[in-house]
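**Student:** Handing you a structure now.
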Amino acid sequence: WVNLIMDTLASLALATEPPTEALLLRRPYGRDHPLVSGTMLRNILGHAAYQLLVIFTLLFAALQRDQRPQDPRREERL
């Protein structure tokens, strides 16, 4: 199922950009050219840093919330 879903999403991503004559006539890149460009790497690292910032913020906020003193009357009601 995972392969079916991932292949479907990949084919949709490739099908969204219409082919142009210049793209079809372009020669393939050589083996020595990087697969990930500098812009792509910067976007990947920036997005990873953003996700880490959000996750750690939520984690530490939850930990601070759990460390606050609890109201003893609240435990009696449970």
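The values are calculated or read from the model by the stated rules, or taken from the named source; none is laboratory data. Because the structure is predicted, anything quoted here is derived from the model rather than measured. Side chains are part of the model used for accessible areas, which takes the heavy atoms of the whole protein and leaves out ligands, DNA and RNA. Shrake-Rupley method; radii C 1.70, N 1.55, O 1.52, S 1.80 Å.
**Student:** Taking 0.36 nm per residue of sequence separation and subtracting the Cα-Cα distance, how much length would be gained by fully extending the chain between Leu63 and Leu25, in nm to one decimal?
**Tutor:** Taking Leu63 through Leu25 to full extension adds about 8.0 nm, to one decimal.
**Student:** Here's another thing I want to ask about it. Per residue, how many Å² of accessible area does region 1-61 show with a 1.4 Å probe?
**Tutor:** Values: 6160 Å² over 61 residues.
Using a 1.4 Å probe on heavy atoms only, each residue of region 1-61 averages 101 Å².
**Student:** Under the √(5λ) rule applied to the eigenvalues of the Cα gyration tensor, what semi-axes describe the equivalent ellipsoid of region 1-42? Give them in Å, descending.
**Tutor:** The equivalent ellipsoid of region 1-42 has semi-axes of 24, 18, 11 Å.
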